[in-house]
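**Q** What follows is a single structure, and I will ask about it in a moment.
The values are calculated or read from the model by the stated rules, or taken from the named source; none is laboratory data. Just so it is clear, the model here is predicted, and its values are computed rather than measured. Cβ sites come from the backbone with ideal geometry, for glycine too, and all protein chains shown count toward neighbours.
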Amino acid sequence: MDDLLQWDQKEIQEKIEDYVISLKDKINPNSFGPQMSPLFLFYDLSGIILNKTRIKKLYPARVKAQGFNAYTRQDISLMLSNTRKKRTKAMILVFASTGCRVGALQGLKMSDIYDTVNPNCKCLQFYTGFREEYYGFLTPEATKALYEYFEERTSYGERLSSDSPVFALYENARKQITMNAKLQPVTRFAVSNAFATILSKNGRPMDSGQRHKIPITHGFRKFFNKTLKMRESANLSVCEKLLGHSVTISLDNAYLPLGKEELFLEFEKAIPELTIREDERQALKIKELEKERRIEEDKTTENRLLKEQMELLKLRMERMELSRVCDLKL
């Protein structure tokens, strides 16, 4: 670091300008800002004043951003069919069901899993204890896959505790469990590597540049966001909270405090759209139809009982009227 301070201010300015020019054929034009920010911060903290306006004028024109597409339900279903590993399947469905970032998944512990009013769904608390803390929810499909993964771990002899990571670093942690070693949480690289392996079986489409059309993990977040907000009756404020966004809608953080139960009401409406596999979707449709049938049956029963009560009341009134007429004749 001291080498960066060995020149006077004018020489430092010239060397940084030369460095920017040398980057033009090496990095994406949109990456110049992030690339230079640490350098600017270093000199700011060192008390060196740079002509940043002049430096930024050397940046090339920004180009259209790439790699912004979302996974489709068919893409995610294909990913599930391309792996037999329970950890990978569980991670795919948790990403699709919550739209969480990789960092949120890494920090999950067993103590961050909560029950919901629906016994087939679970609640996850992301970034517990931090300012970014928020809740996400699992569809019945994702809940089932996650607990099958837990069962696999316990079958190896692991004793799950509140401090155990929801996703362990290694796909097969049998050796660690046998040695009674503490399981490490999954890393960003392990998640990306697991998904890259299954995506490579069908090929990942490239954009016009060097990026893939769909980000390997963020594509799930885009799928979740799109699925939630494309519904006719979507509540935008609640959808943003389910995504962990805090400043999209002004003052919502301060004036719209929502608990798990209220957030789950909005999530529950989107469960059919967030369910990936066709057999699971059909099972949900059958349950919904059965629920509607029971409601109709209850309405029919209520109508029949109401009709009987009205007939009985009418009969009583006729009897009372007949009794009154008889009393008048006497």
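**Q** Does the range 270-283 contain at least one residue that is hydrophobic (A, V, I, L, M, F, W, C), within 25 Å of LYS122 (Cα to Cα), at pLDDT below 90 and assigned by TED's automatic domain parsing to the domain that holds ASN120?
**A** So far as the range 270-283 goes, no, none of its residues is hydrophobic (A, V, I, L, M, F, W, C), within 25 Å of LYS122 (Cα to Cα), at pLDDT below 90 and assigned by TED's automatic domain parsing to the domain that holds ASN120.
**Q** Of the residues that sit in the range 264-306 and are among the hydrophobic types (A, V, I, L, M, F, W, C) and more than 24 Å from LYS226 (Cβ to Cβ), which one is nearest to the chain's Cα centre (by Cα)?
**A** Among them, the one singled out is ILE286.
**Q** How do the helices (runs of 4 or more DSSP H) wholly within the range 159-262 filter down when requiring 1 or more residues that are at pLDDT 80 or above and either farther than 30 Å from LYS26 by Cα or among the β-branched types (Val, Ile, Thr) (or both): which remain?
**A** 188-199, 218-229, 236-242
**Q** Can you confirm whether TYR114 is out of contact with any Asp or Glu (no Cβ under 9 Å at 6 or more places or on another chain) and touching a residue at least 60 places away in the same chain (Cβ under 8 Å)?
**A** So TYR114 passes the test.
**Q** Residues being in a helix (DSSP H, G or I), surrounded by 18 or more Cβ atoms within 10 Å (Cβ to Cβ) and of a type in the set (Gly, Ala, Ser): count how many of those fall in the range 96-148.
**A** 5
**Q** Can you run down the residue pairs with Cβ atoms below 6 Å, 6 or more apart or on separate chains, where the first is in the range 72-101 and in the same structural domain as GLY219 (by TED's automatic domain parsing) and over 24 Å from GLU240 (Cβ atoms) and the partner is not charged (D, E, K, R) and not in a helix (DSSP H, G or I)?
**A** Pairs found: SER77/ILE276.
**Q** A further question on this structure: Could you list, in sequence order, all residues of the range 16-38 that are assigned to a helix (DSSP H, G or I), surrounded by 12 or more Cβ atoms within 10 Å (Cβ to Cβ) and over 34 Å from the mean Cα position of the chain (by Cα)?
**A** If the condition is that a residue be assigned to a helix (DSSP H, G or I), surrounded by 12 or more Cβ atoms within 10 Å (Cβ to Cβ) and over 34 Å from the mean Cα position of the chain (by Cα), then ILE16, GLU17, TYR19, VAL20, LEU23 are the ones that fit.
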